[in-house]
Amino acid sequence: MRIGILGGTFDPPHVGHLALGEAAIAQFELDELLIIPANRNPIKSIKTVTPAKHRLGMVEALVNGRPNMAYSDLEITRGGQSFTVDTLAEMQMVRPAEYWFIMGADSLRNFSEWKSPHRLVRMCRIAVAIRPPLIVSDVLVKLPEEFKDNVDVISMPPSDVSSTEIRNRLHNGQNINSWITPEVQQYIETHKLYRNV
Ligand code: ATP
C-alpha cells in the first residue's frame, strides 16, 4: 500500500493543492492521497486562522468524489501544535504502509528545523514540488546532506495559487473562481467565510 500525505493549513484549499496531490498520485502510483489539515502549524503561523472545523469542511468539499483522495481529522483531533513526525508515527501504527509526505518547495526550506526530522525520514519519503518563485533544486542545494537521499522530486507544472492570495482577493472582492473548486466556493459561501479578512 502506497499512501501520500499532504499536510497544511488549507485556509482555504485550492487548485494548487489538487495539482500537487494529483501529480504525486501519478508519479508514485499512490493508492491514496490523504489530506490532513493541521490543527496548528508550528512553522507557518498566520495571524487569524479559520476555525479547524471549517478548514476540514473545505478539505472534505475538495476531495469529495475524487478517486484516490481522502482526508483525515487526525491532527485536529489530536489538538495543539501539529508536528508531522507525530502524524507519521500515528499513521504507521494504525495503517502501516509506504508513505510519502508531500509538500511544495517553500515548505522544504526549513526542514531541518522541523521536530525530529531524522525520525521522520525513517517513517516516510519526502516528496517535493516546485512552488513559484522557488524551484526545487534551489531548495535542495541548501538541504543538509543527510536528508537528500530521502527526497523525491515531484514533477508538475508550476502553479502560482496560494491561500494567502485567495484570502486577499476575497477581501478585495476580486474573482477567485479559477483558483478554487466550485464545491469549495460553495462551502465558503454557505458558511460566509473570509468576509472580514
Ligand atoms: P498560505 O498562502 O496561507 O501560506 P498555502 O497556499 O501555501 O498557504 P498550505 O495549506 O500552507 O497552503 O499548503 C500546504 C502544502 O501545499 C504546502 O507544502 C505548500 O508548499 C503546498 N502548496 C500549496 N500551494 C501550492 C502550489 N500552488 N504549488 C505547489 N505546492 C503548493
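The values are calculated or read from the model by the stated rules, or taken from the named source; none is laboratory data. All of these numbers come straight from a predicted model, not from anything done at the bench. For neighbour counting, all protein chains shown are included, and Cβ atoms are generated from backbone atoms with ideal geometry for every residue, glycine included.
So the values come out like this:
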item: Restricting region 138-160 to residues that are more than 15 Å from the ligand (Cβ to nearest atom) and either of a type in the set (Val, Ile, Thr) or in a helix (DSSP H, G or I) (or both), the residue that is surrounded by the fewest Cβ atoms within 10 Å (Cβ to Cβ); result: GLU145
item: Scope region 107-128; condition assigned to a helix (DSSP H, G or I) and closer than 19 Å to PHE10 by Cα; matching residues; result: SER107, LEU108
item: Lone unmet requirement of (1) within 14 Å of the chain's Cα centre (by Cα); (2) more than 10 Å from the ligand (Cβ to nearest atom); (3) at pLDDT 95 or above for ARG95; result: (1)
item: Residue tally, condition in a helix (DSSP H, G or I) and at pLDDT 95 or above, over region 168-188; result: 7
item: Region 1-48 - residue that is modelled with pLDDT of 95 or more and of a type in the set (Val, Ile, Thr) and, of those, farthest from SER116 (Cα to Cα); result: VAL15
item: Test for GLY104: is it within 11 Å of the ligand (Cβ to nearest atom), in contact with a Ser or Thr (Cβ under 8 Å, 6 or more places away or on another chain) and under 22 Å from PRO132 (Cα atoms); result: no
item: Flag if SER116 is closer than 30 Å to ARG95 by Cβ and within 14 Å of the ligand (Cβ to nearest atom); result: no
item: Residue list for region 79-106, restricted to those being outside any helix (DSSP H, G or I), surrounded by 21 or more Cβ atoms within 10 Å (Cβ to Cβ) and small (Gly, Ala, Ser); result: SER82, GLY104
item: Residue identified as closer than 23 Å to GLU183 by Cβ, basic (Lys, Arg) and touching a residue at least 12 places away in the same chain (Cβ under 8 Å) among ARG55, ARG78, ARG40; result: ARG55
item: Strands (runs of 3 or more DSSP E) within region 1-78 that include 1 or more residues among the hydrophobic types (A, V, I, L, M, F, W, C), crowded, with 18+ Cβ neighbours inside 10 Å and near the ligand (Cβ under 10 Å from one of its atoms); result: 2-8, 32-37
item: Test: residue in region 150-161 that is more than 20 Å from GLY16 (Cα to Cα) and within 20 Å of the chain's Cα centre (by Cα); result: yes
